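To start, the structure itself, in structure tokens.
The values are calculated or read from the model by the stated rules, or taken from the named source; none is laboratory data. A quick note: this is a predicted structure, and the numbers were derived from the prediction, not measured. For neighbour counting, all protein chains shown are included, and Cβ atoms are generated from backbone atoms with ideal geometry for every residue, glycine included.
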Amino acid sequence: MPHFPVPATGFQALILCGPGVSLNTFTSNSEEYPKCLLPVANRPMVFYAMDFCRRSGITDITLITPPSSLAPLQAALKQNPHLTSFPSPSASVVAPKDLEMTMGTAQLLRLPEVQDCIKTNFLLLPCDLVCEIPGESILEAWMVTQTVPEDSPTRGGLAVYYQTQDREDSVKNEATDLVAVTPLQQDEAPAVSHLVDGPASLRFSLSKLAMSMPMDTVKEKMEQDKGFLVRHSLVQKHANLKMLMKHRDAHLYVFPTWVKDLARRQEKLDSVSEDLVGYWAKAGWQKGLDEKLGIPQLFHQDSRQRQEGESAEEEIDLQSMSTSKAGSNTELPSSSSTQTRLSEHNLSAPVPRSTKLPQILAYVHRGSTPFLRRVDSSALLLSTSLLLAKLESIEEVGREAASPFAHPHKIAYPEGVAQRCTITKSDCLLAENVTVEPTCVIKESVIGSNCQISRGARLTRCVLMDWAVVEPGAKLTGCIVGRRAKIGRDCVLTDCEVQDANVVAEKTQAKKENFMVFEGLDEDEEGGRYMSVAESDD
């Protein structure tokens with residue numbers, strides 16, 4: 001529980017609801033079912049990001065989505081019981097007309113509709129983030145490291161990283177980043193009288209971020225340079241440097257307002273994680289990089305505007321808006337549309353070095369608890385859903401002791417479960433209106449609403465989305481079955497993915513295959529559906 005309402009100081013949150021290319025088995029038709037609505041443990045994916053913001057005390061939440069996904073997302077916010085459970089005010093949705101599926105996150109921040117959304121310090125996070133860490137602890141950790149006044153334009157930022165390997169729920173081949181951090185100096189660390197346990201101790205795990213880039217980029221550089229080259233200025237600036245290669249950028253950032261101006265002016269910035277945050281971190285030790293980014297000029301102009309604004313206010317107050325001062329209005333900054341088109345000459349113009357470069361800090365989360373992970377692949381969708389299914393329900397332990405991700409009941413509709421079947425309740429989750437016929441065996445699985453599990457079926461470590469049907473005698477292990485998909489009688493599937501509304505023919509045996517529908521296939525004579533085609537990942 002928070003010590004005090006930290007976010008009451010005016011934070012807002014932007015949740016990026018992207019296309020979900022890495023989950024293309026289930027997101028191939030984003031106009032009907034975008035990635036942010038994919039179920040994770042029977043809740044829409046975006047629920048967890050919104051819940052994190054709400055638990056942080058942030059009520060000003062904006063979802064950024066491509067225009068093609070606007071209609072289904074708006075409908076879900078009005079109709080999905082999990083998304084309508086949040087108190088007012090409800091989240092707003094912005095679908096910039098120029099937002100493309102392949103657009104980088106920094107490019108997205110430059111879009112006029114997104115620029116207009118950002119009014120104050122903000123949280124930027126993806127729709128696929130599942131974070132059990134109390135959000136108020138992250139915001140508090142950021143706030144206590146800011147020594148400048150609250151209205152100062154030179155506040156720093158905070159990026160969150162988490163361990164991917166050597167943890168209980170590690171997933172093979174999960175993407176990682178190279179993260180270089182260095183300890184805060186004694187005069188930079190939060191001023192507290194003693195260490196404390198619990199969520200508030202997060203602030204004591206903060207470091208200065210010196211470098212951040214995807215491991216794929218690192219490997220490319222190593223092939224090109226025949227090794228990993230490190231600048232002398234990095235070692236000279238940070239002698240006590242630690243490089244982490246088994247961690248990942250959570251894409252969860254605490255940003256001051258001026259970051260939106262930096263993104264707007266620097267059109268070469270493509271990605272928030274690799275470019276904006278990566279270059280910002282390097283600017284702390286690479287000489288001249290902050291000037292190339294235009295950060296000092298950014299603060300100098302902001303300071304000049306503030307001074308001119310204060311001067312204008314004094315003139316208005318003292319001279320009662322005398323006409324002799326009317327000419328002073330011509331010296332005020334031009335309109336915002338003109339400011340967005342700064343020339344290269346203005347960006348490179350020298351300015352006084354009176355402002356110290358704000359720091360970008362890093363919180364590196366280690367271990368498996370509290371849970372923190374991005375769910376941007378099928379393997380992560382499966383493992384995260386199964387992990388959350390193991391949480392004790394509110395019915396079992398009470399609301400106060402339950403995890404924020406716990407469901408009210410493990411089996412939401414016990415009337416639909418036959419007596420002569422086996423369900424391991426400790427690691428299973430069955431949603432509303434699920435019917436399970438006799439002699440079924442369900443272990444460590446998540447079953448969506450309105451699913452039908454027929455007589456003699458066996459499910460182990462599986463995720464079934466809403467309205468899926470498993471016919472008699474089918475055996476599924478490590479599978480993800482899409483909405484309204486149908487698994488034929490006596491099928492044996494292992495580590496497979498079945499696309500929405502797909503039909504797997506009876507007695508099919510497959511391992512590590514994706515069952516997807518392709519154009520040009522003949523319709524099934526009985527159901528009028530396209531028959532499935534198995535596409536091997538290998």
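Can ASP128 be described as of a type outside the set (Gly, Ala, Ser), out of contact with any Leu (no Cβ under 7 Å at 6 or more places or on another chain) and within 28 Å of HIS407 (Cβ to Cβ)?
Values: of a type outside the set (Gly, Ala, Ser): yes; out of contact with any Leu (no Cβ under 7 Å at 6 or more places or on another chain): yes; within 28 Å of HIS407 (Cβ to Cβ): yes.
Yes; evaluated as a whole, the condition is true for this residue.
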Regarding segment 242-249, can at least one residue be identified that is outside any strand (DSSP E or B) and in the same structural domain as ASN173 (by TED's automatic domain parsing)? no
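A quick yes/no check of all residues on (1) surrounded by 22 or more Cβ atoms within 10 Å (Cβ to Cβ); (2) in a loop (DSSP other than H, G, I, E, B):
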residue	(1), (2)
PRO358	yes, yes
TYR363	yes, no
THR369	no, yes
ARG373	yes, no
ALA379	no, no
SER383	no, no
LEU386	no, no
GLU392	no, yes
GLU396	no, no
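Residue-by-condition table, conditions (1) at pLDDT below 90; (2) touching a strand residue (DSSP E or B) at 6+ places or on another chain (Cβ under 7 Å); (3) surrounded by 19 or more Cβ atoms within 10 Å (Cβ to Cβ):
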| residue | (1), (2), (3) |
| --- | --- |
| GLN186 | yes, no, no |
| PRO190 | yes, no, no |
| HIS194 | yes, no, no |
| LYS208 | no, yes, yes |
| MET211 | no, yes, yes |
| MET215 | no, yes, no |
| VAL218 | no, yes, no |
| ASP225 | yes, no, no |
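The rows are residues; the columns are (1) within 13 Å of the chain's Cα centre (by Cα); (2) at pLDDT 95 or above; (3) not aromatic (Phe, Trp, Tyr).
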residue: ARG43; (1), (2), (3): no, yes, yes
residue: VAL46; (1), (2), (3): yes, yes, yes
residue: ARG55; (1), (2), (3): no, no, yes
residue: ILE58; (1), (2), (3): no, no, yes
residue: ILE61; (1), (2), (3): no, yes, yes
State yes or no: is THR435 of a type in the set (S, T, N, Q) and touching a Lys or Arg at 6+ places or on another chain (Cβ under 8 Å)? no
Matching residues in segment 28-53 - criterion: being assigned to a helix (DSSP H, G or I), of a type outside the set (A, V, I, L, M, F, W, C) and within 20 Å of PRO96 (Cα to Cα): LYS35
Is there any pair linking a residue in segment 375-399 that is in contact (Cβ under 8 Å) with a residue 40 or more places away in the chain and closer than 16 Å to LEU38 by Cβ to one that is in a helix (DSSP H, G or I) and polar (S, T, N, Q), with Cβ under 6 Å and at least six apart or on different chains, and which? VAL375/THR384; ASP376/SER22; SER377/SER22
Kindly indicate whether any position in segment 246-260 is more than 19 Å from the chain's Cα centre (by Cα) and closer than 19 Å to ILE15 by Cα. yes
Filter result for ARG489 (at positive phi and assigned by TED's automatic domain parsing to the domain that holds LEU391): no
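Could you run through segment 438-453 and say how many residues are assigned to a loop (DSSP other than H, G, I, E, B) and touching a residue at least 24 places away in the same chain (Cβ under 8 Å)? Give the steps one after another, and end with the answer.
Filtering segment 438-453 down to residues assigned to a loop (DSSP other than H, G, I, E, B) leaves 438-440, 444-445, 448-451.
Then drop every residue that is not touching a residue at least 24 places away in the same chain (Cβ under 8 Å), which leaves 444-445, 448-449.
Residues in segment 438-453 being assigned to a loop (DSSP other than H, G, I, E, B) and touching a residue at least 24 places away in the same chain (Cβ under 8 Å): 4 in total.
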Name the residues in segment 63-78 that are more than 11 Å from PRO44 (Cβ to Cβ), more than 18 Å from the chain's Cα centre (by Cα) and either of a type outside the set (A, V, I, L, M, F, W, C) or assigned to a strand (DSSP E or B) (or both), would you? PRO67, SER68, GLN74, LYS78
What are the residues in segment 230-286 that are buried (at least 20 other Cβ atoms within 10 Å of the Cβ) and of a type in the set (Val, Ile, Thr), if any? VAL254, VAL259, VAL272, VAL277
